[in-house]
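Below is one structure; the comments refer to it alone.
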Amino acid sequence: MGYIIKRWKMKRVVKVLKVISDRNRLRILKLLERKRLCVCELSAIIGITQPSVSRHLKKLKAAGLISDEQKGFWTDYFLSLPDDRYVRTLLGCIRSWLNDDPVVRKDRIKAGQVNRAMLCCRKGI
């Protein structure tokens, strides 16, 4: 039984590491450390299409790194509080990593300037 649990933990850690190995997913995680954001905000900040953002969010959610909540017209995404200590530890490490990275700093400045109502309404949503 112990072997099965250890094997499951290994698979879990490998899955999470694969998910966070993508540059855009790391950027999303760094943004969600500061505040809840919707797909259109993330798309505007990172500079990729909304379908691409949605695919990244789906992978982050499947790995247990983020959660979502419906707020009116928007779905807000935010960092989850995982039960898994390995995932918790990795999220803790990510919080302390890349804070001085120029791309992360630029993303955070943009995040303070985005207005979801204008972004989404401008596109006819």
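The values are calculated or read from the model by the stated rules, or taken from the named source; none is laboratory data. Quick caveat: nothing in here was measured; it's all calculated off a predicted structure. Every residue, glycine as well, gets a Cβ built from its backbone with ideal geometry; the counts of neighbours run over all protein chains shown.
In this structure, does Tyr86 turn out to be within 17 Å of Leu29 (Cβ to Cβ) and at pLDDT below 85? Yes.
Flag not set for Arg105, criterion: in a helix (DSSP H, G or I) and either within 20 Å of Lys18 (Cβ to Cβ) or touching a strand residue (DSSP E or B) at 6+ places or on another chain (Cβ under 7 Å) (or both).
Answer yes if at least one residue in segment 67-82 is of a type in the set (Asp, Glu), in contact with a helix residue (DSSP H, G or I) (Cβ under 9 Å, 6 or more places away or on another chain) and in contact (Cβ under 8 Å) with a residue 12 or more places away in the chain, and no otherwise. Quick ask: steps written out before the conclusion?
First, pick out the residues of segment 67-82 that are of a type in the set (Asp, Glu): 68-69, 76.
Among the residues that remain, those that are also in contact with a helix residue (DSSP H, G or I) (Cβ under 9 Å, 6 or more places away or on another chain) are: 68.
Adding the requirement that they be in contact (Cβ under 8 Å) with a residue 12 or more places away in the chain leaves none.
Within segment 67-82, not a single residue is of a type in the set (Asp, Glu), in contact with a helix residue (DSSP H, G or I) (Cβ under 9 Å, 6 or more places away or on another chain) and in contact (Cβ under 8 Å) with a residue 12 or more places away in the chain.
Selection within segment 75-116: residues that are among the acidic types (Asp, Glu) and under 16 Å from the mean Cα position of the chain (by Cα). The member of this set that is nearest to Gly47 (Cα to Cα) is Asp107.
Restricting to segment 29-77, name every residue that is assigned to a loop (DSSP other than H, G, I, E, B) and more than 18 Å from Ile94 (Cα to Cα).
Cys38, Gly47, Ile48, Thr49, Gly72, Phe73
Taking the conditions exactly as written (of a type in the set (Ser, Thr, Tyr) and in contact with a helix residue (DSSP H, G or I) (Cβ under 8 Å, 6 or more places away or on another chain)), does Ser52 satisfy them or not? Quick ask: steps written out before the conclusion?
Values: of a type in the set (Ser, Thr, Tyr): yes; in contact with a helix residue (DSSP H, G or I) (Cβ under 8 Å, 6 or more places away or on another chain): yes.
Taking the combined requirement at face value, the residue satisfies it.
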